[in-house]
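The values are calculated or read from the model by the stated rules, or taken from the named source; none is laboratory data. Owing to the predicted nature of the structure, the values given are computational and were not obtained by experimental measurement. Heads up, the Cβs are rebuilt from the backbone with ideal geometry, glycines too, and the neighbour counts pull from every protein chain shown. The protein model used for the area step is the full one, side chains on, heavy atoms only, and it has no ligands, DNA or RNA in it. Shrake-Rupley method; radii C 1.70, N 1.55, O 1.52, S 1.80 Å.
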Amino acid sequence: MKVKISSDYAVQMRAITKNFGEFCALNEVSIDVKKGTIHALLGENGAGKTTLMNILYGLYQADSGEIYLNGKKVEIKNPNVAIENKIGMVHQHFMLVNNFTVAQNIILGREVTKDFGVLDMKKARTEIDEIIKKYGLKVDQKAKIENISVGMQQRVEILKALYRGADLLIFDEPTAVLTPQEIEDLINIMHKLIEDGKTIIIITHKLKEIKASSEVCSIIRRGKYVDTVNVSEVDESELADKMVGRSVNLVVDKTPAKPGEVVFEIDNITVQNEIHANIDSIKNLSLKVRKGEIVGIAGVDGNGQKELIEAITSLVKVKEGTIKINGKEIQNTKPKNVIKNKVSTIHEDRQKRGLVLDFSVAQNAILEKYNEAPYSRFGILNYDEINKFAKNIIKEYDVRPEKCHRKKIRALSGGNQQKIIIGREIKNEPELLIAVQPTRGLDVGAIEYVHRTLVEQRDKGKAVLLVSLELDEIMSLSDRIAVIYNGTIVGEYDRKEVNENTIGLLMAGGSKKNADNSKNS
């Protein structure tokens, strides 16, 4: 849907081409974003969406093509030029200084000073307060970044862009790390920004959020422009088909579980809070997972999920209680021992827990067995076997670009990094597979594949523990559902005997009696 160059459009990109060596990331892509709208950019992992927006923000330079802002041709050579042209970008992985305060992060590079270059923090905070009140971006300016939630950190990134005067805001996978409530809050904030005359481009894989937030959607597939549609005129299935280029099954297709013996058992564990020693993050929590079943843990973020997984994987100490795999205690040992006992984990934070970003894709693929045959012998790595293993994961999980085994893994998109982790953990042939937010940042085609893979693991007799903030995912995949609230399991149900309302009530801290009444109503 290419239109003439006009000042009615905040941005118009024409025939943008970008190559990285032999790989063509973008092939003559054109889009038109009307002023005062939320315009979604949809595509599979590695389709080129973020690359296109990085060009608009000046982080990359196109090999060819043109950019027009408000009808005028511009050259955006770096992010400073983008900021001067009132463009702001909220990146998928936040660009914040953890030990700085919220206010210090917001003004960084745009400091307000008094005489002799002295910082005028009072004036800066007043200006930030005005933006906070205007758009409902409530956040404590004096708090350190390391002490606030991911949702709050995202607000800081938005405030940074607005503080610099942005009229065009680019959000790269903004909901990938947010809770359902935070997603709802973000969409409300986006609509307030539009009411004030801002323009937003949102990169996302989440079809429901496109329907809830956007007016127009442009689709890119494998570096090429596919189509631009009015969101109100298409359903989620049509969007998915256009994105992937084939029909996508949005419903998890699985037969009833045939659970066997208990493989994994948590008995009355208590885990102390890492920051506050007098507080317990996990309190007398018990849980069992059997062969051939998927047990889903549902809960609002921050109710102990992170500490539970870290306790299971021996990243933090258990104060009381036991954790057993096949009858053998693994609590308070070492992560290597947990892996040795056939526990594989897809961690929530892929960059902190799952990958070494400056290692190659191939090196990351064998992180947990680099010292085993055939990947090494007498301490010498066998790169033929390592590369062969990595290429197999790349092919099987459709990692893009296709020939990336020698690339540093930080060069891959977040979704493609996730595919490498999932492939690696499943190929470890675990008896217990722990999947924490396994589809975070993935497109619908990849989500379909991951869901099918988890069900296949279950059907092979593996025990699967699923932790997800996506209630739809928990309800679709789980055979049993355990609800975690304030560090303990407050209810456990067979999936066939429970509805979303019951689970939602328990997640919000409602009593089990009231939740059970809602189940029967």
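All conditions but one from (1) more than 30 Å from Gln181 (Cα to Cα); (2) of a type in the set (Gly, Ala, Ser); (3) open to solvent by 60 Å² or more (accessible area, probe 1.4 Å) apply to Gly292; the one that does not is (3). Filtering segment 402-419 to residues that are farther than 16 Å from Asp443 by Cβ and either of a type in the set (Val, Ile, Thr) or open to solvent by less than 10 Å² (accessible area, probe 1.4 Å) (or both) leaves Cys404, Ile409. Here the condition is being in a helix (DSSP H, G or I), in contact with a His (Cβ under 9 Å, 6 or more places away or on another chain) and more than 19 Å from Thr345 (Cα to Cα); of Lys391, Lys395, it holds for Lys391 alone. Against the conditions (1) crowded, with 22+ Cβ neighbours inside 10 Å; (2) in contact with a helix residue (DSSP H, G or I) (Cβ under 6 Å, 6 or more places away or on another chain); (3) not aromatic (Phe, Trp, Tyr), Ala311 satisfies every one except (2).
Residues that are under 22 Å from the mean Cα position of the chain (by Cα) and modelled with pLDDT of 95 or more number at least 1 in the following strands (runs of 3 or more DSSP E) confined to segment 237-307: 293-298. If the condition is being in contact (Cβ under 8 Å) with a residue 40 or more places away in the chain, part of a loop (DSSP other than H, G, I, E, B) and not basic (Lys, Arg), then segment 342-365 contributes His347, Glu348, Leu355, Val356, Leu357, Asp358, Phe359. Summed over segment 8-31, residues that are hydrophobic (A, V, I, L, M, F, W, C) and at positive phi total 1. The single condition among (1) closer than 23 Å to Glu368 by Cα; (2) of a type in the set (A, V, I, L, M); (3) touching a residue at least 60 places away in the same chain (Cβ under 8 Å); (4) touching a helix residue (DSSP H, G or I) at 6+ places or on another chain (Cβ under 6 Å) that Ile330 does not satisfy is (3). Tallying residues that are in a helix (DSSP H, G or I) and open to solvent by less than 20 Å² (accessible area, probe 1.4 Å) within segment 135-161 yields 9. Within segment 234-258, being open to solvent by less than 70 Å² (accessible area, probe 1.4 Å) and more than 30 Å from Leu42 (Cβ to Cβ) holds for one residue alone: Ala257. Scan segment 346-354 and give yes if some residue there is surrounded by fewer than 19 Cβ atoms within 10 Å (Cβ to Cβ) and modelled with pLDDT of 95 or more, otherwise no. The answer is no; no qualifying residue exists.
Modelled with pLDDT of 95 or more, out of contact with any Lys or Arg (no Cβ under 8 Å at 6 or more places or on another chain) and open to solvent by 20 Å² or more (accessible area, probe 1.4 Å), is that true of Asp384? Judged against the criteria, Asp384 is a match.
Residues being touching a strand residue (DSSP E or B) at 6+ places or on another chain (Cβ under 7 Å) and buried (at least 20 other Cβ atoms within 10 Å of the Cβ) are represented in segment 182-191 by at least one member. Each residue in segment 283-320 was checked for being within 17 Å of Val490 (Cβ to Cβ) and without any contact (Cβ under 8 Å) to a residue 60 or more places away in the chain, and 1 of them qualify. When Ile422, Ile394 are screened for being in contact with a strand residue (DSSP E or B) (Cβ under 7 Å, 6 or more places away or on another chain), open to solvent by less than 20 Å² (accessible area, probe 1.4 Å) and closer than 23 Å to Glu173 by Cα, only Ile422 passes. Looking only at residues that are in contact (Cβ under 8 Å) with a residue 40 or more places away in the chain and open to solvent by 70 Å² or more (accessible area, probe 1.4 Å) in segment 260-282, which one is nearest to Lys324 (Cα to Cα)? Looking at the filtered set, the residue picked out is Asp267. Going residue by residue through segment 76-98, is there one that turns out to be touching a Lys or Arg at 6+ places or on another chain (Cβ under 8 Å) and farther than 29 Å from Ile31 by Cβ? Yes.
Taking the criterion of being within 17 Å of Arg290 (Cα to Cα) and either in contact with a Pro (Cβ under 7 Å, 6 or more places away or on another chain) or buried (at least 17 other Cβ atoms within 10 Å of the Cβ) (or both), the residues of segment 493-521 that qualify are Tyr493, Arg495.
Within segment 355-377, if we keep just the residues that are hydrophobic (A, V, I, L, M, F, W, C) and open to solvent by 20 Å² or more (accessible area, probe 1.4 Å), the residue that is nearest to Glu265 (Cα to Cα) turns out to be Leu367.
Of the strands (runs of 3 or more DSSP E) entirely within segment 48-128, those holding at least 2 residues that are among the hydroxyl-bearing types (Ser, Thr, Tyr) and open to solvent by 30 Å² or more (accessible area, probe 1.4 Å) occupy 64-69.
When we screen Arg480, Arg452 for residues that are open to solvent by 30 Å² or more (accessible area, probe 1.4 Å) and either of a type in the set (Gly, Ala, Ser) or modelled with pLDDT of 95 or more (or both), the only hit is Arg480.
Evaluating Asp32 against the criteria (1) under 28 Å from Lys144 (Cβ atoms); (2) open to solvent by less than 40 Å² (accessible area, probe 1.4 Å); (3) among the acidic types (Asp, Glu) leaves one unmet condition, (1). I'd like to know if segment 464-479 contains one or more residues that are on the phi < 0 side of the Ramachandran plot and in contact with a Phe, Trp or Tyr (Cβ under 6 Å, 6 or more places away or on another chain). The answer is no; no qualifying residue exists. Val444 passes every criterion in (1) closer than 30 Å to Asn273 by Cβ; (2) of a type in the set (A, V, I, L, M); (3) touching a residue at least 24 places away in the same chain (Cβ under 8 Å) apart from (1).
Screening Leu466 on (1) farther than 18 Å from Lys291 by Cα; (2) buried (at least 20 other Cβ atoms within 10 Å of the Cβ) shows it passes everything except condition (1).
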